[in-house]
Amino acid sequence: MGKFLVAERLFLGLTNAVFLLVGAALTIFGFLIQFVDVFSSYYSNTICSLETSLSGAGFSTRTLDFSLSEFAGYLPLALMVSGVLICIISFLGILGATREITWVLLTYGVILIVLMITQIVTLTIFYYKPELFTDPIKDALKSKIKSDYKGLNGTNSVSIGWNFAHQKFSCCGVDSYHDFMGATKWVREYTDMNVVLATPISCCRSLPTSKDFTCARIPLSGKTNNFYKGCFDEMWNMVVGNLAVTVPILSICLLIQIIFTITTIAILYANNNNNDMKEEYKKFKPRSDDSFLDISTWKTKL
């Protein structure tokens with residue numbers, strides 16, 4: 001029994017140490033996105049293409065001040081909070097495994113059970129009623145487009161972010177180009193060129209390097225414009241919608257949590273048995289003035 005207990009404690013401690021490192025990595029990654037511009041190589045080429053198109057089209061804007069943290073929204077904060085929570089839970093697991101502190105192990109076990117239940121419910125809703133998650137996000141994105149999007153030459157974070165997304169992911173709008181129809185700050189008409197845009201210029205497959213905006217005018221063509229392809233589904237499928245990737249990962253995470261819970265319960269059970277044995281031993285332990293071999297002394301203690 002002792003060897004099994006040692007193995008259980010060792011397993012719980014080491015695996016939680018790994019998760020502690022994972023939590024720290026997530027926290028650092030979120031911090032870097034939010035406060036340190038170390039991922040410029042990911043978007044620099046796309047931003048340069050947008051600036052070149054602006055220059056060729058005769059717009060006054062030449063430099064786009066793109067911020068990945070603004071484009072990512074609450075994602076960096078979510079990563080940091082998730083990382084800190086993972087670190088705290090992992091630390092409780094390590095402390096409980098190494099010190100065998102009952103209240104720490106109980107707290108750790110309860111947290112794991114709550115997380116498992118929450119995860120199962122969330123995943124069930126996620127795959128059977130995903131619109132409960134996606135619709136509020138889509139509505140918020142569309143609302144920002146209607147109120148803040150200014151077009152290819154817009155310098156605010158919403159305009160630059162959507163122009164970047166259109167080119168990076170070859171898409172247009174949240175669901176389609178119709179999302180821009182109510183954009184109050186988007187300049188669609190260019191009277192000097194007799195042009196009325198049907199989609200943002202950034203929805204064109206290839207950005208124009210002159211004042212020829214044919215790719216964004218009616219009639220629209222799928223060969224020159226991504227008007228029919230929403231950005232949300234593209235990014236959603238890339239991040240969480242690929243079942244071949246997400247299902248195995250989430251299944252493994254759930255299995256690890258189950259193993260952690262069983263291990264924690266086993267350690268608590270073993271510790272409880274050890275405490276009971278110690279109490280029984282105290283009943284029978286001879287006093288200093290008693291002889292250990294004096295059977296009559298043992299009987300009186302019973």
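Ligands, DNA and RNA aside, R188 has an accessible area near 70 Å² when probed at 1.4 Å. In this label model, E189 and D135 are separated by 3.6 nm, measuring between points 7 Å along each Cα→Cβ vector.
Using a probe of 1.4 Å, the accessible surface attributed to F133 totals some 70 Å² when neighbouring protein chains are kept in position.
Taking 0.36 nm per residue of sequence separation and removing the Cα-Cα distance, the S55/C253 pair yields an extension gain of 66.4 nm.
What is the stretch 88-195 by shape, rounded, prolate or oblate, if you read a ≥ b ≥ c off the alpha carbon gyration tensor as root eigenvalues and call it rounded for a/c under 1.5, prolate for a/b larger than b/c, and oblate otherwise? It comes out prolate by the Cα gyration axes.
Just read off the accessible area of K138 with the full protein assembly in place, 1.4 Å probe, to the nearest 10 Å². The accessible area of K138 comes to roughly 30 Å².
Legend: distances between Cα atoms for K129/K168; K146/K223; K138/K229; K142/K185; pairs beyond 20 Å are K129/K168; K146/K223. Near the amide H of C172, within less than 5 Å, lie the amide hydrogens of K229, G230, C231, all on another chain or at least 5 residues away, with H placed in the peptide plane.
The values are calculated or read from the model by the stated rules, or taken from the named source; none is laboratory data. The shown structure was predicted, so the numbers you read here are calculated from the model rather than taken from an experiment. Note that we place each Cβ from the backbone using ideal geometry, even for glycine, and neighbour counts take in every protein chain shown. Keep in mind that these areas ignore ligands, DNA and RNA; they rest on the heavy atoms of the full protein, side chains included. Shrake-Rupley method; radii C 1.70, N 1.55, O 1.52, S 1.80 Å.
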